[in-house]
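Novice: First the structure, which I've put down as structure tokens, then a few questions once you've had a look.
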Amino acid sequence: MTESTASFWLERAGSWQPQDPGALPARSDVVVIGGGMTGLRAAQRAAALGAHVVLLEQRALVGGATGRNGGHVVAGPSDSTAATVRLLGMAAAREIWDFTLHTVSAMRDFVAAENADCDLKFAGTALLAFAEHELAGFEADAALLQTMGIAAQQWSRAECAVRTHSDAFIGGLFYPHGGQLWPAKLARAVAVAAARSGAQLFSGVQVQAVTADGAMLRVQTSAGALQARAVIHASNGWARRLLPELHDVLVPVRGQVLATAPAEPMWDFGLVANDGYEYWRQMADGRIVLGGMRWRSADMGRDCDDDTQLDAETAAGLRAFLPAHFAALAGLAVEYEWSGVMCYTPDGQPLVGALPGRPGEYIAAGYTGHGMPLAFMAGCCVAELALGAPPTIMANAFSPKRFANGTL
Ligand SMILES: Cc1cc2nc3c(=O)[nH]c(=O)nc-3n(C[C@H](O)[C@H](O)[C@H](O)COP(=O)(O)OP(=O)(O)OC[C@H]3O[C@@H](n4cnc5c(N)ncnc54)[C@H](O)[C@@H]3O)c2cc1C
């Protein structure tokens, strides 16, 4: 596979030698395809439940979106709460909020239990409005969240100016539960826990096909074939390559991110603007990680699972964004730029569960750019389902059955 662009998170996470998994076995209870947050959590949970687990990652572990994102953990649906209620109803929106809030607390518990060094903190997330329609959306969401008992604070234009050090924003909605982390480091900690529970985690092994083999499944890989009782597709932006019937359901979308040189402290919370398209945060060393601007590319990054390239228009937009809105950041050098592959679904919800028409095959994918508050529990729950155990938590809106015909 061609070299992907160099992500700050992967380049600066420090050296890491994952445990040697030994030889590829001839059979396994569970084969997990993909070594990002979803696959690693699935492997960790399945191994903890006593299953023999083989995880196959075509690159190095954590080399996909999990090692290349913006580092925000914001509970809630990928779209606004009001839009989610309109599309799916109040009960579904509530379930999605519950799932993501549960993820956030499970992540916090894991980090504490494993003493995982991944800079996880919950300093809050500010959604910021440039335009009146965004502000109206915040008002609608604030009212809904109040009825749901979920904390959120509306910010006036003046409060935005004080908190953000910019007068670009006409109002905001602040989630006090919003978090920030070093995603690749958390995923590595999950890999360590999974290996400790006995999961065999292979890098540099690509799965080429999954086919029925009597009561078992045959998994053909670049390193030979093996049999499995259950297969979990945790390959997110690349999942449709092995699942062509979901070509129009699991759509890869390329996103782009930059990291600056260290700057003076500006914000300890995460910031999101322009209907969610731009997102940024400052790390303890002063660097700012900013993602978004894919609306500047001709195709919005859609249908692209190639993270070996940068889009020039998107890069130009990202480089201009901080100086345009924050006078103090004029002239700040950009030190890293990279791209990554997200996976969007038609209704903005992931697919978590058994794959229709494919006995023994399961999936957790399609987080629509919002995987940090989803993948950590989705991986865990899909492993439980694959082993016939009740899932720790689930949202009906995530059922793959809704796409049984390859569309909604
Ligand atoms: C630019 C960008 C910014 C983002 N920002 C945020 C953010 O700030 N907050 C947030 O919540 N979410 C964000 N996301 C989304 C989040 O990163 C993803 O939803 C999440 O990482 C998905 O995890 P995953 O394990 O399912 O997928 P991935 O981490 O992509 O892992 C899938 C793995 O499967 C492997 N694979 C694929 N096919 C095969 C095969 N055939 N055989 C073997 N291995 C295979 C891939 O190499 C890859 O490593 C962002 C994503 C991107 C790209």
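The values are calculated or read from the model by the stated rules, or taken from the named source; none is laboratory data. What you are looking at is a predicted structure, and each value in this text was computed from that prediction instead of being measured. Counting neighbours? That spans all protein chains shown, and the Cβs are built from the backbone with ideal geometry, glycine included.
Novice: Restricting attention to the stretch 81-102, does a residue exist that is part of a helix (DSSP H, G or I), under 13 Å from the mean Cα position of the chain (by Cα) and within 19 Å of G366 (Cα to Cα)?
Specialist: yes
Novice: Is there any pair with a first residue in the stretch 130-141 that is under 12 Å from A82 (Cβ atoms) and a second that is surrounded by 13 or more Cβ atoms within 10 Å (Cβ to Cβ) and of a type in the set (V, I, T) whose Cβ atoms are under 7 Å apart and which are 6 or more apart or on different chains, and what are they?
Specialist: D141/T81
Novice: Now for a different question. Going by what's in this entry, would A239 be described as touching a helix residue (DSSP H, G or I) at 6+ places or on another chain (Cβ under 8 Å) and either more than 16 Å from the ligand (Cβ to nearest atom) or outside the structural domain of G22 (by TED's automatic domain parsing) (or both)?
Specialist: It is false that A239 is touching a helix residue (DSSP H, G or I) at 6+ places or on another chain (Cβ under 8 Å) and either more than 16 Å from the ligand (Cβ to nearest atom) or outside the structural domain of G22 (by TED's automatic domain parsing) (or both).
Novice: Out of the residues in the stretch 260-292 that are within 14 Å of the ligand (Cβ to nearest atom) and part of a loop (DSSP other than H, G, I, E, B), state the one that is farthest from T407 (Cα to Cα).
Specialist: Step by step, filter the stretch 260-292, then rank; the result is M283.
Novice: Answer with yes or no whether L217 is within 12 Å of the ligand (Cβ to nearest atom), in contact (Cβ under 8 Å) with a residue 24 or more places away in the chain and either in a loop (DSSP other than H, G, I, E, B) or over 30 Å from R287 (Cα atoms) (or both).
Specialist: no
Novice: Now for a different question. List every residue pair whose Cβ atoms lie under 9 Å apart, where the two residues are 6 or more positions apart in sequence or sit on different chains, the first residue falls within the stretch 232-259 and is assigned to a loop (DSSP other than H, G, I, E, B), and the second residue, located anywhere, is of a type in the set (D, E, K, R) and away from the ligand (no atom under 11 Å from the Cβ).
Specialist: Listed by first residue and then by second, the contacts come to L243/R358; L243/E361.
Novice: Kindly provide the set of residues from the stretch 17-33 that are touching a helix residue (DSSP H, G or I) at 6+ places or on another chain (Cβ under 8 Å), outside any strand (DSSP E or B) and either farther than 14 Å from A195 by Cα or outside the structural domain of A364 (by TED's automatic domain parsing) (or both), ordered by number.
Specialist: The answer is none; no residue qualifies.
Each row is one residue, and each column tells you yes or no for (1) surrounded by 24 or more Cβ atoms within 10 Å (Cβ to Cβ); (2) not assigned by TED's automatic domain parsing to the domain that holds G379.
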position	(1), (2)
G14	no, no
G35	yes, no
Q44	yes, no
R59	no, no
V73	yes, yes
